[in-house]
Amino acid sequence: MAVVVVGAGPAGLTLAHVLRAASVDCVVLEAESREFIERRPRAGFLEEWAVRALAERGLAGPLLERAQVHTECEFRGAGECHRFRYAEISGHRHFVYPQPLLVTDLVRAYADRAGGDIRFGVRDVALHDTDTDRPAVSYTDPETGERQRVDGVAVAGCDGARGVTRAFVGDGRASVARHDYGIGWLALLAEAPPSSDCVVFGLHPRGFAAHMARSPQVTRYYLECPPGDDPDNWPHARVWSELRARLAAAGAPPLTEGRLIEKRVLDMHNYVVEPMAYGRLYLAGDAAHLAAPIAAKGMNLALHDALLLGDALVSFCTTGDERGLRGYSAAALRRVWQYQEFSQWFSEVLHGASSGDPFKAGTAAARLRRLLGSPTAAAAFADLYIGKEADS
Ligand code: FAD
């Protein structure tokens with residue numbers, strides 16, 4: 001009897017690898033094609049603890065060869081630049097590695113090298129008997145059009161924010177705590193080399209802006225915009241003129257322009273499903289919680305859940321020890337809530353200047369001055385920003 005993993009994102013693939021490495025049977029069901037998931041652009045920042053954990057499982061070879069290492073970030077506002085050297089303070093760094101590359105590495109490790117079972121393009125996935133010790137998942141086979149059923153000992157819901165497993169537990173089986181920021185971010189990918197050697201946060205009365213490297217050829221940018229805004233309201237010239245205005249500061253290098261290869265509006269919100277388990281269904285990654293990309297936490301949390309759940313399922317499947325599974329939700333939620341709190345706190349710093357509310361603008365500016373001026377505040381921020389010791 002297998003563990004059925006629904007979804008082949010960073011969470012599902014990492015979990016599948018942990019199971020396979022311990023010879024636990026596993027079937028991964030993915031709605032999209034392999035080509036699609038290996039190209040879908042999203043996250044890019046991995047925290048050092050996550051890279052170390054992947055390396056311990058033999059999953060970080062290409063990452064360690066190719067990732068850039070970031071140790072600083074920069075705040076720009078009122079025409080000034082302030083560097084924040086978080087690695088010097090915390091001893092931990094970020095690794096810049098685009099999510100599609102990580103997904104490609106994980107599919108190779110699980111399916112090509114370890115011969116793991118992964119079924120792409122599945123349709124109409126449905127859950128069955130999750131409150132028993134013989135749960136199952138059914139789906140329509142994309143080639144034959146026939147319904148198939150996989151019986152298992154447990155189901156891992158790793159199918160992201162719009163999958164079936166979150167909808168299933170959210171339907172009265174668990175509570176969903178949600179926070180709406182009431183703002184939008186225009187998420188952009190530009191075919192242009194990074195214009196700084198670190199992440200840049202632009203605090204501007206017309207709206208927040210950010211610059212984040214992805215690779216030597218591609219850079220992610222964000223521009224605050226009204227929630228629900230139409231990306232067509234943002235033609236090339238407007239995007240670049242707003243980025244130049246909102247990221248301007250004395251001594252800052254000019255932005256290198258490039259073709260915009262992704263342009264979408266994210267309505268910024270967070271949610272947490274609690275508990276992250278229902279019977280023998282266990283949620284991991286965005287299926288259980290979403291952290292708006294304010295502090296680049298989502299992919300890191302997905303990996304954290306997957307490693308915890310993987311170890312718990314291995315213990316259960318190999319020795320019958322259920323303690324890890326019983327404690328999984330509470331253990332995962334500790335880091336989830338730390339990251340949610342940090343994202344919310346940081347959002348107030350980043351969006352104060354553009355809030356139109358002099359009180360919010362004043363308190364945001366006070367927080368930033370404290371962060372840049374007080375070693376104690378800087379140390380607390382650096383640890384949270386890099387996710388160090390966040391399991392309390
Ligand atoms: P996903 O990556 O969403 O994977 C879920 C998988 O399930 C997908 O492959 C999907 O096709 C599949 N699926 C869906 N429904 C079904 C179904 N019914 N049946 C079978 N399969 C299904 N995070 C960071 O840490 N750092 C960043 O810098 C960062 N930047 C981001 C920028 C943007 C624009 C966005 C949108 C997100 C960003 N994130 C970032 C968040 C990060 O991308 C997610 O948190 C991460 O993808 C979560 O991984 P996951 O495996 O839980 O879910």
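Quick one: would you say R123 is within 11 Å of the ligand (Cβ to nearest atom), farther than 12 Å from V27 by Cα, open to solvent by 10 Å² or more (accessible area, probe 1.4 Å) and touching a strand residue (DSSP E or B) at 6+ places or on another chain (Cβ under 6 Å)? When the stated conditions are applied, R123 passes them.
For the range 284-298, a residue qualifies if it is open to solvent by 10 Å² or more (accessible area, probe 1.4 Å) and either in a strand (DSSP E or B) or more than 10 Å from the ligand (Cβ to nearest atom) (or both), and exactly one does: L290. For the range 253-271, the condition of being of a type in the set (G, A, S), outside any helix (DSSP H, G or I) and either modelled with pLDDT of 95 or more or more than 12 Å from the ligand (Cβ to nearest atom) (or both) holds for at least one residue.
Taking (1) without any contact (Cβ under 8 Å) to a residue 12 or more places away in the chain; (2) more than 11 Å from the ligand (Cβ to nearest atom) in turn, G61 satisfies each apart from (1).
To keep it simple, each residue is scored yes or no on (1) among the hydrophobic types (A, V, I, L, M, F, W, C); (2) in contact with a Ser or Thr (Cβ under 7 Å, 6 or more places away or on another chain).
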residue	(1), (2)
Q344	no, no
G352	no, yes
G362	no, no
R367	no, no
F381	yes, no
D391	no, no
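Only one entry of L281, L301 meets the criterion of being open to solvent by less than 60 Å² (accessible area, probe 1.4 Å), more than 8 Å from the ligand (Cβ to nearest atom) and touching a helix residue (DSSP H, G or I) at 6+ places or on another chain (Cβ under 7 Å), and that entry is L281.
Identify all residues within the range 104-120 that are out of contact with any strand residue (DSSP E or B) (no Cβ under 6 Å at 6 or more places or on another chain), of a type in the set (V, I, T) and under 12 Å from H17 (Cβ atoms); write none if there are none. Show your work before the answer.
As a first pass, look at the range 104-120 and keep what is out of contact with any strand residue (DSSP E or B) (no Cβ under 6 Å at 6 or more places or on another chain): 104-110, 112-116.
When the remaining residues are screened for being of a type in the set (V, I, T), the result is 104, 107.
Once the filter is applied, which keeps residues that are out of contact with any strand residue (DSSP E or B) (no Cβ under 6 Å at 6 or more places or on another chain), of a type in the set (V, I, T) and under 12 Å from H17 (Cβ atoms), the range 104-120 yields only V107.
If only residues of the range 139-156 that are closer than 17 Å to R123 by Cβ and touching a residue at least 60 places away in the same chain (Cβ under 8 Å) are counted, the one that is farthest from the ligand (Cβ to nearest atom) is V150.
Only a single item in (1) open to solvent by 10 Å² or more (accessible area, probe 1.4 Å); (2) at pLDDT 95 or above; (3) within 21 Å of the chain's Cα centre (by Cα); (4) not β-branched (V, I, T) is not met by E146, and it is number (3).
The values are calculated or read from the model by the stated rules, or taken from the named source; none is laboratory data. Treat the numbers as computed from the prediction; the structure is a model and nothing was measured. Cβ sites come from the backbone with ideal geometry, for glycine too, and all protein chains shown count toward neighbours. Note: accessible area is taken over every heavy atom of the protein model, side chains too, but ligands, DNA and RNA are not part of it. Shrake-Rupley method; radii C 1.70, N 1.55, O 1.52, S 1.80 Å.
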